[in-house]
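The values are calculated or read from the model by the stated rules, or taken from the named source; none is laboratory data. Source: prediction; values computed, not measured. A quick note on method: Cβ atoms are made from the backbone with ideal geometry, for glycine too, and the neighbour counts reach across all protein chains shown.
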Amino acid sequence: MRLFLALEPPDSLRKRLGELADLAQAHCGGRRMPDASLHLTLAFLGEVEEERADELFQWVVDMTVPPGEWRLDSWGTFRRPGIVWVGGRSPALEQLHASVWDKLASFGFSDRPGHFVPHITLLRRARRLETQDLSEIDLTWPYRRLSLVRSFTENDGARYETLARSRNH
Ligand code: ATP
Ligand code: MG
């Protein structure tokens, strides 16, 4: 099954991010991520066998994440896939990303990315990758739990299902 580790936004922020996705789509075109799918990917794992997925599940349900607040203050784009995103630099998230990947390496996952740009994808296949005219962003995402998410490939983009969440503090 296709898996990734993510942070899921609180509902109030999800709604706000959805509004930004509407705004961005009006300006840039492309396919808007549904509100229910908005997330921050901490680690993309790709296709994982059943046995290893069980290991990941146990690890995540027993895990606690140092709670933090991610400040979202910028628009960004990834040119080739036509992605428009919002995000912001965060030493705390970089630390979380690093510690998650240390553990994943011990499980045998070797696709650790060279660098990490914390972002939430709002649009895919955007026609215009210009964000300078969009409104300024200053949002805060308080996070305390991490999710193991399964991705199902469907015709009009992936559908996600949360399989497990780390423990609450
Ligand atoms: P689709 O690929 O069908 O357009 P999607 O990208 O939302 O949909 P997945 O490809 O399953 O769904 O990706 C799940 C999450 O992992 C998304 O946040 C995606 O951006 C991220 N992701 C996917 N592939 C990679 C990769 N090779 N490296 C880093 N992150 C990835
Ligand atoms: Mg993809």
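Take G30 and tell me if it is in contact (Cβ under 8 Å) with a residue 12 or more places away in the chain, of a type outside the set (A, V, I, L, M, F, W, C) and on the phi > 0 side of the Ramachandran plot.
Against the criterion (in contact (Cβ under 8 Å) with a residue 12 or more places away in the chain, of a type outside the set (A, V, I, L, M, F, W, C) and on the phi > 0 side of the Ramachandran plot), G30 qualifies.
Residue check: is V65 touching a Ser or Thr at 6+ places or on another chain (Cβ under 7 Å), modelled with pLDDT of 95 or more and not in a helix (DSSP H, G or I)?
Here the answer is yes, as V65 does meet what is asked.
Do you know which residues across region 21-52 are of a type in the set (V, I, T) and within 18 Å of the chain's Cα centre (by Cα)?
T41
Within the bounds of region 136-144, is there any residue that is polar (S, T, N, Q), out of contact with any strand residue (DSSP E or B) (no Cβ under 8 Å at 6 or more places or on another chain) and either over 15 Å from V48 (Cβ atoms) or in a loop (DSSP other than H, G, I, E, B) (or both)?
Looking for residues that are polar (S, T, N, Q), out of contact with any strand residue (DSSP E or B) (no Cβ under 8 Å at 6 or more places or on another chain) and either over 15 Å from V48 (Cβ atoms) or in a loop (DSSP other than H, G, I, E, B) (or both), one finds none in region 136-144, hence no.
Taking the residues in region 71-109 that are more than 16 Å from ligand 1 (Cβ to nearest atom) and closer than 17 Å to Q25 by Cα as candidates, determine which candidate is surrounded by the most Cβ atoms within 10 Å (Cβ to Cβ).
W75
Under 16 Å from the mean Cα position of the chain (by Cα) and more than 14 Å from ligand 2 (Cβ to nearest atom): does that describe E161?
Answer is yes for this residue.
When you go through (1) part of a loop (DSSP other than H, G, I, E, B); (2) in contact (Cβ under 8 Å) with a residue 12 or more places away in the chain; (3) out of contact with any His (no Cβ under 7 Å at 6 or more places or on another chain) one by one for T121, which number turns out not to apply?
(1)
Residue-wise test of (1) touching a Gly at 6+ places or on another chain (Cβ under 8 Å); (2) within 15 Å of S166 (Cβ to Cβ).
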| position | (1), (2) |
| --- | --- |
| R2 | yes, no |
| P9 | no, no |
| G18 | no, no |
| H27 | no, no |
| T41 | no, no |
| R52 | yes, no |
| V61 | no, yes |
| G76 | yes, no |
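How many residues, within region 159-169, are surrounded by 14 or more Cβ atoms within 10 Å (Cβ to Cβ) and either near ligand 1 (Cβ under 7 Å from one of its atoms) or not in a strand (DSSP E or B) (or both)?
Summing the residues that are surrounded by 14 or more Cβ atoms within 10 Å (Cβ to Cβ) and either near ligand 1 (Cβ under 7 Å from one of its atoms) or not in a strand (DSSP E or B) (or both) in region 159-169 gives 1.
Mind listing whichever residues of region 32-60 are surrounded by 16 or more Cβ atoms within 10 Å (Cβ to Cβ) and assigned to a strand (DSSP E or B)?
R32, L40, T41, L42, A43, L45
Name, by its number, the condition in (1) under 20 Å from W70 (Cβ atoms); (2) surrounded by 17 or more Cβ atoms within 10 Å (Cβ to Cβ); (3) within 16 Å of ligand 2 (Cβ to nearest atom); (4) not β-branched (V, I, T) that does not hold for P113.
In the conditions (1) under 20 Å from W70 (Cβ atoms); (2) surrounded by 17 or more Cβ atoms within 10 Å (Cβ to Cβ); (3) within 16 Å of ligand 2 (Cβ to nearest atom); (4) not β-branched (V, I, T), P113 misses (2) alone.
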